[in-house]
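Working notes, beginning with the structure itself.
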Protein chains: 2
Amino acid sequence: MEIPIIRDVLEESNLRAQENRALFDEHGVLVVNIMSSPGSGKTMLLQKTIPALKERGFSSAVIEGDITSTIDSERLQPLGIPVVQANTEPFGGDCHLGSHLVQAALKHLDLSAIDFLFIENIGNLVCPAEFYLGENRRVVVLSLPEGEDKPLKYPLMFRECDLCLLSKMDLAPHLEVDVELMKTNIRKTNGHIAVLPISAKTGEGLSEWIAWLLRARVGQS
Amino acid sequence: MEIPIIRDVLEESNLRAQENRALFDEHGVLVVNIMSSPGSGKTMLLQKTIPALKERGFSSAVIEGDITSTIDSERLQPLGIPVVQANTEPFGGDCHLGSHLVQAALKHLDLSAIDFLFIENIGNLVCPAEFYLGENRRVVVLSLPEGEDKPLKYPLMFRECDLCLLSKMDLAPHLEVDVELMKTNIRKTNGHIAVLPISAKTGEGLSEWIAWLLRARVGQS
């Protein structure tokens, strides 16, 4: 008789993520997990990104991760795209999205009609980096007011991501932040990460971000 | 024979916190646990607060919580006060300070020489709120660029705190943030919380913050 083994939480989590990924691959959806501290501008970025992709003929959907509330989903509703709110409050108030929640959210989406699926993770620069959801790409948004030292103090997030968007560039003249030092600190933490300064307000860097997304779709893996 | 019971983690954590608190009370130290998202300005606030307390004849010490690095401790070193860096990386990289780490840090401090002990928690608007360290007061710093909706999306932190400092008020003219709505959302989450707009840059609200600290010391409990 074989001994039953209870698999550890992370193993279970990765299995669910792999199932998610198989579904994404089957439907040719590019999935981007967007992570950051609270208030870095993830939702506003999506408000600008999704219409720009639509203009180029690509359809999007969003899984909105929050502990509680539907504030971000409501902000995205006017875009007329499928949005699923995934709240962790009924599941202990987890501070990050789990692959099981993404799996549950996928039941509400028709993946065959979607080119890009954005997963807006819970605002937290620590824990979300530890949980693979099945995504193709991981993006961290670091807003200028957060300061130059964040990559050195929260290195895992920057190590685990493919791209760092430096957001709220429009605030640069009003801050004593050294953008070059910020970039140096990001690259010190991860030599392979791409870094792109953006401002959803002025439009700075948005076309480069769209180009990055389209390249990711071509080189999908 | 009694059955040995392994106490749950939170119970162990609270026992350590109570031991910390007994030490604080014994020495008449007022302990303030400062929490926030990454980059809200906690360290800069301490850089302004501690000299202001010194001018009024009060001595301070700081326990600096970070996952990794000694960046914040180094920033405080010129103040010439006792600073202990508590890093969670050797303990699994926890995303919040635990009472056991505070207990370990206390071995490096002479509590009889301290009036105020500030615990700067790890930058995270979620998990630190769940762990009592033995402090007398809990303060959340919410910076203006983070947006009005944060209290509604991360309610536990705002429910658990005595005071919310609205930081980076100097940026208000450059942001589309509604400060009154921010205050309303904070008070909607916690009807008893005090709210104080501040700017470490311009000095706005700092004397009110110092007065709050001095009142907390008088009414210490």
Seminar exercise, completed: So the angle from the long Cα axis of helix A:206-218 to the longest Cα principal axis of chain A, reported in degrees to the nearest 10, equals 30 degrees
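Can you give the translational diffusion coefficient of region B:70-183 in µm²/s, computed by Stokes-Einstein from the Kirkwood radius over Cα pairs at 20 °C and 1.002 mPa s?
Working: Rh = 16.1 Å.
The calculation lands on 133 µm²/s.
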For this session: Would you mind checking which residues have amide H under 5 Å from A:F131's amide H? H placed 1.01 Å from N; only 5 or more apart, or other chain.
Result: none
Exercise. Modelled label-to-label distance, B:T68 and A:Q103, 7 Å Cα→beta-carbon offset: nm?
Worked result: 3.1 nm
Exercise. For region A:77-159, which trypsin sites (Lys or Arg not before Pro) are both in a DSSP coil and crowded by at most 15 other Cβ atoms within 10 Å?
Worked result: A:K107
Exercise. Using a label point 7 angstrom from Cα along Cα-to-C-beta, what distances in nm, from shortest up, separate B:L214 from the other copies?
Worked result: 6.3
Exercise. Using a label point 7 angstrom from Cα along Cα-to-C-beta, what distances in nm, from shortest up, separate A:F91 from the other copies?
Worked result: 2.8
Problem set entry | Shielding by other protein chains, A:160-173, mean Cβ within 10 Å | 1
For this session: May I ask you to report, in nm to one decimal and beginning with the shortest, the distances from A:V179 to the same position in the other copies, taking label points 7 Å along Cα-to-Cβ?
Result: 2.7
For this session: About the Cα centre of the protein assembly as shown, how large is the charge dipole given +1 on each Lys and Arg Cβ and -1 on each Asp and Glu Cβ? Please answer in debye to the nearest 20.
Result: 820 debye
For this session: Give a residue-ordered list of calculated ³J(HN,Hα) values for region B:192-198 (Karplus: 6.51 cos²θ - 1.76 cosθ + 1.60, θ = phi - 60°; whole Hz; x for Gly, Pro).
Result: 9, 6, 7, 10, 9, x, 9
Exercise. Given a Förster distance of 60 angstrom, what is the FRET efficiency for A:D110 paired with B:S112, based on the Cβ-Cβ distance and rounded to 0.05?
Worked result: 0.35
Seminar exercise, completed: Normalised Cα Rg of the protein assembly as shown, dividing by 2.2 N^0.38 Å with N its residue count, works out at 1.01
Exercise. B:L163's amide H: which non-local residues (gap 5+, or another chain) put their own amide H closer than 5 Å, with H modeled 1.01 Å from N in plane and none for Pro or chain starts?
Worked result: B:R138, B:V140, B:A194
Problem set entry | Charge dipole (debye, nearest 20) of chain B; +1 at Cβ of Lys and Arg, -1 at Cβ of Asp and Glu | 540 debye
Seminar exercise, completed: Of all C-alpha pairs within region A:1-116, those more than 20 angstrom apart amount in percent to 47 percent
Exercise. Just for the protein assembly as shown, what percent of DSSP beta bridges are antiparallel, to the closest 5?
Worked result: 0 percent
For this session: Report the percentage of all Cα-Cα pairs in region B:70-111 whose separation exceeds 16 Å, rounded to a whole percent.
Result: 43 percent
Exercise. Counting pairs on different chains as well as pairs 8 or more places apart, how many Lys pairs in region B:12-218 have Cα atoms under 16 Å apart?
Worked result: 11
Exercise. Simple spin-label model, 7 Å along Cα-to-Cβ: B:E176 to B:I3 in nm?
Worked result: 6.1 nm
Seminar exercise, completed: Along region B:155-160, Karplus-curve 3J(HN,Hα) (6.51, -1.76, 1.60; θ = phi - 60°) to the nearest Hz, with x for Gly and Pro, reads x, 4, 4, 6, 5, 8
Seminar exercise, completed: On each of the three principal axes the extent of the alpha-carbon atoms of region A:12-218, given in whole Å and largest first, is 46, 37, 32
Seminar exercise, completed: So the angle from the long Cα axis of helix A:9-27 to the longest Cα principal axis of chain A, reported in degrees to the nearest 10, equals 80 degrees
For this session: Quote the relative contact order of chain A in percent (integer), defining contacts as alpha-carbon pairs under 8 Å separated by 6+ residues.
Result: 24 percent
For this session: Evaluate the distance, in nm, between pseudo-label points positioned 7 Å from the Cα of A:L15 and of B:K201 along their respective Cα→Cβ axes.
Result: 5.2 nm
Problem set entry | Inter-chain Cβ neighbour average for residues A:196-206, partner chain, 10 Å | 0
Problem set entry | Sorted by Cβ neighbour density within 10 Å, fewest at the top, the residues B:E26, A:E74, B:E146 | B:E26, A:E74, B:E146
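Restricting to DSSP H runs of at least four residues, report the calculated mean residue ellipticity at 222 nm for the protein assembly as shown, -39500 (n - 2.57) per run over all residues, nearest 500 deg cm²/dmol.
Using -39500 (n - 2.57) per qualifying helix, the result is -10500 deg cm²/dmol.
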Seminar exercise, completed: Honestly region A:136-221 on the Cα gyration tensor test (a ≥ b ≥ c root eigenvalues; a/c under 1.5 rounded, otherwise a/b vs b/c for prolate or oblate) is just oblate
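The numbers here are math on the coordinates, done by the rules we state, and not lab data. All values derive from a computational prediction rather than experimental measurement. Glycine gets a Cβ as well: all are built from the backbone with ideal geometry, and neighbour counts include every protein chain shown.
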